[in-house]
Amino acid sequence: EPEVTQTPSHQVTQMGQEVILRCVPISNHLYFYWYRQILGQKVEFLVSFYNNEISEKSEIFDDQFSVERPDGSNFTLKIRSTKLEDSAMYFCASSSAPSEQYFGPGTRLTVT
Amino acid sequence: RKEVEQDPGPFNVPEGATVAFNCTYSNSASQSFFWYRQDCRKEPKLLMSVYSSGNEDGRFTAQLNRASQYISLLIRDSKLSDSATYLCVVVNAGNNRKLIWGLGTSLAVNP
């Protein structure tokens, strides 16, 4: 069964450093998403991406964040200058139509 | 009013019990509804979609009441492996179909 994959599974970085989280969505999907979940809190939408551009972003997704689909398979989330409060699980999701979304296993980001 | 509200629980039930979760949503224009399941420190996994006429998948039954803006999930004959957090998800209108998540309801099924 096809699945969304994410790397790395755990990333530790120092405050102020740039991180890139990588995702490989399900191959025939066209809609891509990033979410985050701070420990003990609910899943929060960050951004949706379709047709090579951002279709919607939340207030969390400020200028420190960017997304890219550099080739036909990868979908990345970059955080330019990490803050302590960026520590969270980051989930990538994809869907074939704007409905049911399938999630990757997540990247746990720890900012020290 | 929160966009999606759920009773956080926890619900502690014995194996074999029937348990029901409710969820309310604030946007009457919401178009699609789902239940996801999330195990501790894992990704959310789609459990089932919720259709207007109600739908069943094995031991799980989902119902939607648009007039009252609530969604329910019923689990019959609960198993130990059903222990997880159950997340109510609502999709609003629009091209990107952003998912709006509830905080989740925690279920612990005990032997």
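Only the coordinates and a few stated rules stand behind these numbers; no lab work does. Predicted, not measured: the structure shown is a model, and the values here were computed from it. So basically every Cβ, Gly included, is an ideal-geometry build from the backbone, and we count neighbours across all protein chains shown.
Summary table below
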quantity	calculated
Cα-projected label distance for residue A:38 with residue A:71, points at 7 Å along beta-carbon direction, nm	3.6 nm
Net charge of neighbours whose Cβ lies under 12 Å from the Cβ of residue A:79, counting Lys and Arg as +1 and Asp and Glu as -1	-1
For B:18, B:85, order by how many other beta-carbon atoms lie within 10 Å, fewest first	B:18, B:85
Gain upon complete extension [residue A:30, residue A:12; 0.36 nm per residue less C-alpha separation]	3.5 nm
Residue A:22-residue B:92 FRET efficiency (beta carbon distance; Förster radius 25 Å; 0.05 resolution)	0.30
Residues residue A:3 and residue B:70, FRET efficiency given R0 of 30 Å [Cβ-Cβ distance, rounded to 0.05]	0.40
Computed over chain B: relative contact order in percent, which uses C-alpha pairs under 8 Å that are six or more apart	37 percent
Cα centroid separation, region B:34-82 to region A:45-74 (Å)	29 Å
Paramagnetic reach from residue B:15 in region B:72-88 [backbone N under 15 Å; point 7 Å along Cα→Cβ]	B:77-83
